[in-house]
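**Q** Got a structure here, written out as structure tokens. Questions coming.
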Amino acid sequence: MTHLQAGLSPETLEKAKVELKENPETLHQDIQEVRDMIITRPDIGFLRTDDAFILRFLRARKFNHFEAFRLLAQYFEYRQQNLDMFKNLKATDPGIKQALKDGFPGVLSNLDRYGRKILVLFAANWDQSRYTFVDILRAILLSLESMIEDPELQVNGFILIIDWSNFTFKQASKLTPSMLRLAIEGLQDSFPARFGGIHFVNQPWYIHALYTVIRPFLKDKTRKRIFMHGNNLNSLHQLIHPEILPSELGGMMPPYDMGTWARTLLDHAYDEETDYCPESYTLSVQDLERDLEKNLSPKTMKRSQSVVEPGVLKRPDKVKSDEDNMQPLLSLD
């Protein structure tokens, strides 16, 4: 094991070897082969090319050198093409701060059974008079930047749950195709994270309509990992155990405190610039995790909650193995 794998548990090391084809004996060579490709794209400013940074792109593309480099190039190209999005990309930016406080995103303290971090979005919380969809996207990207520093999450990845309860048609009308495509390009095509599943719950008909708009921009792999559960939370629980979910999602945990992750980032004034200056960034992801758990205090939430009563939704007796072995619950072909 090299120093680049020092943050991985034995179980995750084995997963990296089996699922991602990560080989400690060739790790530095793999990284250098990606770095050597940079000369082929003089049009892009590669602002960071250290070993640890390139490694996260290799992990995101299962050590396919060409695909890892393409993702690395798209990462910086996306930033060059959307300069305004990345100005003042920090938790204290007014738009980002407000989005974070409203739970965009929420981050659960517990991992799922595959070691993945769970992000939750309660769509109805979007206060369109105070911040834009782009602010929400910036808050999500900033949050991912902070979490992707954890090598465990580079290997295990993330789960995204979007609860559309009480999300109005008026709110949905603000989600233009260009905005949705911007989000897809930023998250699917330009960020080194492994998304194991994207789950929609309580989605109204107009969200299905929006999905048909964005579907052509989704990769086949992404489409297969989008699950539309409607109000059938039992199907969600087949994939994500209710023991780790908040009560809004039929889980056994208390209602989610929307400000938890916001306080975690704001308390440490995390901003992306520190990611490029390791000597000035001493806060570890483990510190963020501890604060996340510490901050789980009750707070009145903005959204109109429809908390499921205990016992109404029971955990299914049989739990299927993984999202990869399932078909989406609703096909919009």
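**Q** Distance in nm between label sites at Asn23 and Thr49, each 7 Å beyond Cα in the beta-carbon direction?
**A** A separation of 2.5 nm, rounded to one decimal place.
**Q** Let me test this: with uniform point scatterers at the alpha carbons of the stretch 91-270, what is the Debye-based log₁₀ I(q)/I(0) at q = 0.08, 0.09, 0.13 1/Å?
**A** -0.22, -0.29, -0.63
**Q** If you don't mind, there's one more thing I want to ask. Please state the shape class of the stretch 1-105: rounded when a/c is under 1.5, otherwise prolate if a/b exceeds b/c and oblate if not, all from the C-alpha gyration tensor.
**A** oblate
**Q** I've got another one for you. Just for the stretch 91-270, what percent of DSSP beta bridges are antiparallel, to the closest 5?
**A** DSSP beta bridges in the stretch 91-270 are roughly 10 percent antiparallel.
**Q** Explain nothing, just the number: dipole magnitude of the stretch 3-81 about its Cα centre with +1 on each Lys and Arg Cβ and -1 on each Asp and Glu Cβ, in debye rounded to the nearest 20.
**A** In debye, rounded to 20, the stretch 3-81 gives about 240.
**Q** Averaged per residue, what accessible area in Å² does the stretch 87-203 show with a 1.4 Å probe, protein chains only?
**A** 31 Å²
**Q** Projecting each Cα onto the charge dipole of the stretch 33-162 (Lys/Arg +1, Asp/Glu -1 at the beta carbon, about the Cα centre), which of Phe122, Leu83, Ala139 comes out farthest on the positive side?
**A** Phe122
**Q** Using a simple charge model, +1 on the beta-carbon of Lys and Arg, -1 on the beta-carbon of Asp and Glu, nothing else, what dipole does the stretch 91-270 show about its Cα centre, in debye to the nearest 20?
**A** Once rounded to the nearest 20, the dipole reads 600 debye.
**Q** Give me the one-decimal nm value for the distance between modelled label points at Phe169 and Leu218, 7 Å along each residue's Cα-to-Cβ direction.
**A** Between Phe169 and Leu218, the simple spin-label model gives 2.4 nm.
**Q** Once phi is turned into ³J(HN,Hα) by the Karplus curve 6.51 cos²θ - 1.76 cosθ + 1.60 with θ = phi - 60°, what whole-Hz value does each residue of the stretch 38-54 show in order, with x for glycine and proline?
**A** Running phi through 6.51 cos²θ - 1.76 cosθ + 1.60 with θ = phi - 60° gives 4, 4, 6, 10, x, 7, 10, x, 7, 7, 8, 9, 6, 4, 4, 5, 5 Hz.
**Q** Counting only other residues whose beta carbon sits under 12 Å from that of Thr12, what net charge do I get with K and R as +1, D and E as -1?
**A** -2
**Q** Cross-link list Lys15/Lys221; Lys87/Lys221; Lys117/Lys219; Lys174/Lys219; Lys17/Lys87; Lys21/Lys219: which exceed 26 angstrom alpha carbon to alpha carbon?
**A** Result: Lys87/Lys221; Lys17/Lys87 exceed 26 Å.
**Q** Can you bin the stretch 149-206 into rounded, prolate or oblate? Criterion: square roots of the alpha carbon gyration tensor eigenvalues sorted a ≥ b ≥ c, rounded for a/c under 1.5, prolate for a/b above b/c, oblate for the rest.
**A** In terms of gyration-tensor shape, oblate.
**Q** How many percent of the accessible area of the stretch 91-270 is carbon or sulfur, using a 1.4 Å probe?
**A** C and S fraction of accessible area: 58 percent.
The values are calculated or read from the model by the stated rules, or taken from the named source; none is laboratory data. Quantities reported herein were computed from a predicted structural model and do not represent experimental measurements. Reconstructed Cβ throughout: ideal geometry from the backbone, glycine too, with neighbour counts over all protein chains shown. Protein only, heavy atoms only, side chains kept; ligands, DNA and RNA dropped before computing areas. Shrake-Rupley method; radii C 1.70, N 1.55, O 1.52, S 1.80 Å.
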